[in-house]
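Taking it in order: structure first as structure tokens, then the write-up.
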Amino acid sequence: MADQQGDESRSGGFPPLPTLEEMQHWTWIMGRAQQMMLEHLAGKAGESDPAPAGPQAPAFHWPGTFPDPAVIARAQVDMWSEGIAIWQRALGQRSEPTLEEAKADQDKRFNAPQWRDSPIFDMIRQSYVLISERLLGSVEAIEDVGEKDRQKLRFLTRSFVDAMAPSNFAATNPLVIERALETKGESLLKGLENMLRDLSRGQLTHTDPDAFEVGRNIATTPGKVVKRTPLYELIQYGPTTDEVHETPLIIFPPWINRFYILDLNPKKSFIRWAVGQGLTVFVVSWKSADETLAETTLDDYVLRGQVDAIDTVRELLGVESVHAIGYCVAGTTLAATLALLAARAEADKVASATFFTAQVDFSEAGDLNLFVSDEMMRTIEQLSGDKGYMDGRYMAATFNMLRGRDLIWNYVTNNYLLGDDYPPFDLLHWNSDTTNLPSKWHQAYLRDFYRDNKLVQAGGITIDGTPIDLSVVETPTYVQAGREDHIAPAKSVWKITGHFTGPLRFVLAGSGHIAGVVNPPEAQKYQYWTNDEPVSTLDEFVAGATEHKGSWWPDWIEWIGARSERKVPAKGARLPGKGKLEAIEDAPGSYVKAR
């Protein structure tokens, strides 16, 4: 015991020095990290087509005045008092937990026991919570600021606060330090390798890139490509019932993503489920843009895309009309298609229209409205160069910025700092499977729809010489919105109810832009709300709504069935490739695999 105390006394209470072997190992770790960086830089220097730069944050020019000095003084006093409480707690002079400690415990970034066990890291996380809340609160205190400028400032402040979280830095994250010591630095090398790989490919990795393959374990519902144009492939899926509804279903997915979000796997596939409900299902698979689509415009996506596909299905099956679904941006163009058909006395080509999280009125379109400034338009032109199309990785990065805490910094921490392996996740694989966009059309979409909101102005948009007026659309309509949707906010989606004049059913689904749509009944997840009473606002809808547990898909198929009661045998042209259009290849086709 005396010898042990003597050793501690001589060492001053410090841990023993590392052994020669340990020093050699950490020297190798640092040397290997340096080598990896040099190899990465050498590889980048030799690239002729480097990865595109990420999107810029929205530019901001100070529009207002600071709040009353008395308000600032009160905020400073409050912050000082709460800061003192955090220090007292860290020094053991205060037993009751602080408000910031309770909030930090509820934040998944800081709720691991390592954050609480160390007074230093506990103080770091609580101080971060305190400062971040004050920064975000200061945005609301600024005077003489319009709502759009406040929204932009709120977004920029939130992005800054999320980026500066102590969990995002190795020296202030106890989990990273613990992992590095446990693995003797190997986790840091693994994380650096992950980061350099992402820098090389110009995109943040969310899931194991080798876990999924289109046509092998995702997008596997049996079908055939029965038509191919320079803009899209038309896929017809094989029936699984003896009889099918006479009126077929055609699905228009967003051209900014791959269609297989609706066919991830057999249990999650809306396409497979719809086939099983006795519908003859067709899906448009858009071509990822290249130089050949440089001059593509709204007219192309409406006339040579949606209208052409609708007419193709009608002629193939010998039916008068189809049920149509438009998802996200394809729902926006579907609204324009319906207005065009109505103006040309051809509205009966579409028996019903369903909108998945789609907007037509962009006056309250959420944070994406922050990316439609003149500066952003010039950025898109620069990213497109002379190619005429924009690399899809730019759009992926933009969407990630909308939820930076979950879609950026979460992966920086787990995969770069902790060196975790990427988990296999089909939804995140789809999210990373980007699609190039025609630059001219993408700029027009952002400018005419998001910025200038022309689609809801009678005659604001013209297609093939025909002025578009949404108020003439009387097609029966089913509108689905996601309660937590950050891309197409429910309040924005709701606005479609004030522009169409035909019968309309609105359903508010739990969750967001993807999970709110892809929610099969057997999963028994989330919920949805309906309200059959006439209401004029989303708040009124919610106040009088009835909550239903689980998926809204059964509600939709019941609505479709009421408009498609007649059944026909599933034979002849109802079988892919057995009608006038021969099968070109098996689903999911070639366009969805093109990069």
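The values are calculated or read from the model by the stated rules, or taken from the named source; none is laboratory data. Predicted model only: the values in this text are computed from it and were never measured. Cβ sites come from the backbone with ideal geometry, for glycine too, and all protein chains shown count toward neighbours. For accessibility, only protein heavy atoms count, side chains too; no ligands or nucleic acids. Shrake-Rupley method; radii C 1.70, N 1.55, O 1.52, S 1.80 Å.
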Review point. Does region 365-384 include one or more residues that are out of contact with any His (no Cβ under 6 Å at 6 or more places or on another chain), within 30 Å of Asn111 (Cβ to Cβ) and either open to solvent by 30 Å² or more (accessible area, probe 1.4 Å) or part of a loop (DSSP other than H, G, I, E, B) (or both)?
Key: yes
Point to revise | Test for Tyr445: is it open to solvent by less than 50 Å² (accessible area, probe 1.4 Å), within 21 Å of the chain's Cα centre (by Cα) and of a type in the set (Phe, Trp, Tyr) | key: yes
Exercise for review: Confirm whether Tyr301 is touching a residue at least 60 places away in the same chain (Cβ under 8 Å), of a type in the set (Ser, Thr, Tyr), more than 21 Å from Ser439 (Cα to Cα) and part of a helix (DSSP H, G or I).
Suggested key: no
Point to revise | In region 398-416, the residues that are closer than 18 Å to Asp208 by Cα, open to solvent by 30 Å² or more (accessible area, probe 1.4 Å) and among the aliphatic types (A, V, I, L, M) | key: Ile408
Exercise for review: Those residues that are free of Cβ contacts under 8 Å to residues at least 24 places away in the same chain and β-branched (Val, Ile, Thr), I need them from region 438-488; list them, please.
Suggested key: Thr462
Exercise for review: Residues being among the charged types (D, E, K, R) and farther than 30 Å from Phe362 by Cβ: count how many of those fall in region 118-169.
Suggested key: 4
Practice item. Find the residue count for region 417-442, including only residues that are open to solvent by 40 Å² or more (accessible area, probe 1.4 Å) and closer than 30 Å to Ala342 by Cα. Key: 1
Review point. When both residues are 6+ apart or on different chains and their Cβ atoms are under 8 Å apart, which pairs have a first residue that lies in region 528-542 and is closer than 19 Å to Asp555 by Cβ and in contact (Cβ under 8 Å) with a residue 24 or more places away in the chain, and a second that is open to solvent by less than 30 Å² (accessible area, probe 1.4 Å) and charged (D, E, K, R)?
Key: Tyr528/Asp555; Thr530/Asp555
Exercise for review: Please give the number of the condition Leu470 fails out of (1) of a type outside the set (Val, Ile, Thr); (2) open to solvent by less than 10 Å² (accessible area, probe 1.4 Å); (3) under 22 Å from the mean Cα position of the chain (by Cα); (4) farther than 25 Å from Phe259 by Cβ.
Suggested key: (3)
Exercise for review: Find the strands (runs of 3 or more DSSP E) located wholly in region 147-260 whose residues include 2 or more that are surrounded by fewer than 21 Cβ atoms within 10 Å (Cβ to Cβ), and list them.
Suggested key: 223-228
Check your understanding: Regarding Thr292, is this residue crowded, with 24+ Cβ neighbours inside 10 Å and either at pLDDT 95 or above or polar (S, T, N, Q) (or both)?
Key -> no
